[in-house]
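The values are calculated or read from the model by the stated rules, or taken from the named source; none is laboratory data. Because the structure is predicted, anything quoted here is derived from the model rather than measured. Methodologically, a virtual Cβ is constructed for each residue, glycine included, from the backbone with ideal geometry; neighbour enumeration extends over all protein chains shown. Just the protein is used for accessible areas: all its heavy atoms, side chains included, with ligands, DNA and RNA removed. Shrake-Rupley method; radii C 1.70, N 1.55, O 1.52, S 1.80 Å.
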Amino acid sequence: MNKLFGLLNVSNLVCCLALSLISPFFPSFAEDRGVSKQMLGFIFAANPVGNTIASLIFGKLMNEHNRIKILNLGLIVNGFGLLGFAGLIYVDNSYIILTSFILRFLQGFGAAMFLTPFYALLASMYPNSLEKKMSIAEFISSFGYFSGPIFGSFLYGMGGFILPFLVFGFSSIVISLVLMVAFKLEHQNKQKLLLVNDSLENSTIASEEPEIGYKEIIKNYNINAGLLIYASISFLFTFYSPIYAPFIERKYNKSPDQIGYFLSVTSLTYSIATLIVSQIKRHKQAYILIGAFFSGVSQFFMGPDQMTNFNDSIWITLTAQGFVGFFTAFPFVLTLPYINEILQNLYPGQKERSVNLSAGLFNASIAFGELWGPICAGFLDNQYGFERACSILGIWIIISSLTFIPLQCKRKFSKRKYIIEEVVSN
């Protein structure tokens with residue numbers, strides 16, 4: 001099982017690297033082909049559109065028997081979407097927007113087909129150590145997502161526009177074939193899939209409860225608060241995709257092959273934070289609230305905004321990126337275990353169903369945030385400039401974090417009530 005977990009995380013790494021590798025060089029390519037910043041935002045947003053649709057569809061359709069097939073097929077679809085990007089240099093300018101949108105959509109659809117069963121498998125395989133496994137998976141995801149621009153810049157410098165897409169497109173397809181063989185061998189050796197829930201009792205107990213669906217889950221305030229945090233942090237992650245590189249290039253005269261290295265600051269601090277988050281077992285709500293709140297505050301210094309009274313400096317921008325990476329790890333790693341705990345308590349007889357639906361909602365909320373991040377970024381950057389756009393983003397993140405305050409108050413009230421009842425009973 002540990003070998004399979006490792007192989008799954010290699011696949012996760014390839015998938016997440018591929019999602020962000022275009023950030024440092026594609027904006028310049030698109031602008032040279034006559035694509036406006038706002039249209040560039042829509043192109044970046046096509047990925048989460050595909051991601052949202054696939055997450056909701058497969059979150060509902062998948063089960064313990066078809067998860068592996070969906071996961072492998074997702075890697076293949078993702079790979080073909082990437083390979084298609086390599087052909088954009090041959091596409092006429094009049095079709096460049098439509099073609100880019102379709103390819104980005106395809107890539108997002110394939111990525112969600114992989115990531116939705118991936119997170120469902122984690123929750124199913126490791127119910128008692130989900131925080132630890134999630135922190136490892138998120139360490140890999142963050143390293144991939146935030147290091148993608150570095151790999152993109154490096155490969156772009158080596159072989160031009162097409163090389164990053166060829167490398168990651170073929171890598172995604174090859175790793176899917178390796179996974180197929182690995183799972184087949186594992187099945188032959190043990191006569192069952194090891195990625196089915198460790199407890200046969202939980203998977204075979206018949207529940208008298210009506211089968212739950214998305215409607216029942218989203219009626220719960222706690223779950224909605226968690227999904228809003230996920231969506232907002234994902235909004236933050238993709239907000240800078242269409243506007244960060246042009247800002248650094250214009251403001252500080254940096255080339256596209258250098259910009260990817262600046263983006264790595266966020267990856268480094270996020271990765272460090274995941275090691276800390278993996279040790280958190282209690283008070284998840286408080287850590288989610290604190291992490292999201294300070295992620296929002298850090299946005300005011302990304303420019304920095306004039307209201308901060310700081311002078312323009314790339315070091316202030318990089319420091320703010322570091323704080324963003326560190327604090328976003330807390331809500332991003334802890335919220336899925338938090339949601340799963342709620343669902344297990346509400347629907348103890350439908351563990352597998354809860355895991356699949358929560359994974360679907362998890363990826364859909366991420367994709368929803370990723371969808372609007374680049375669209376709003378392009379609009380706000382055009383209207384107010386990079387510095388003020390970042391501050392507006394910060395205000396939204398802070399507002400989202402405040403949805404957890406009622407949960408904290410409720411938790412303290414319940415604890416106090418319990419103590420009073422214990423004292424009275426004694």
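In the elastic network of the chain, a GNM with C-alpha springs shorter than 10 Å, the most mobile of Leu371, Leu361, Leu346 is Leu346.
Any chance you could check the Cα centroid distance between segment 80-97 and segment 24-68 for me, in angstrom? Between the Cα centre of segment 80-97 and that of segment 24-68, the gap is 15 Å. Summary value for the chain: 27 percent relative contact order, contacts being C-alpha pairs under 8 angstrom separated by 6+ residues. Take the Cα radius of gyration of the chain and divide it by 2.2 N^0.38 Å, N being the number of residues; the result is 0.99.
In a Gaussian network model over the chain where Cα atoms closer than 10 Å are linked, find which of Thr403, Thr335, Thr274 has the largest mean-square fluctuation. Residue with maximal mean-square fluctuation among Thr403, Thr335, Thr274: Thr403. One Cα centroid belongs to segment 347-406, the other to segment 244-314; the line between them spans 16 Å.
Of the cross-linked pairs Lys69/Lys215; Lys60/Lys215; Lys133/Lys281, which ones have a Cα-Cα span greater than 20 Å in the structure shown? Listed pairs above 20 Å: Lys69/Lys215. Electrostatic tally near Cys376: other residues with Cβ closer than 14 Å to its Cβ, Lys and Arg +1, Asp and Glu -1, net 0.
Helical runs assigned H by DSSP (4 residues or longer) give the chain a calculated mean residue ellipticity at 222 nm of -27500 deg cm²/dmol, each run adding -39500 (n - 2.57) before division by the residue total.
When the chain is treated as a Gaussian network with alpha carbon springs shorter than 10 Å, the biggest mean-square fluctuation among Leu318, Leu357, Leu185 belongs to Leu185. For the chain, the per residue solvent-accessible surface stands at 43 Å², with DNA, RNA and ligands left out and a 1.4 Å probe. Accessible surface of Lys254, taken over heavy atoms with a 1.4 Å probe and every protein chain present, rounds to 60 Å². Using the average count of surrounding beta-carbon atoms within 10 Å as a protection proxy, the listed peptides 321-330, 284-293, 307-316 rank, highest first, as 321-330, 284-293, 307-316.
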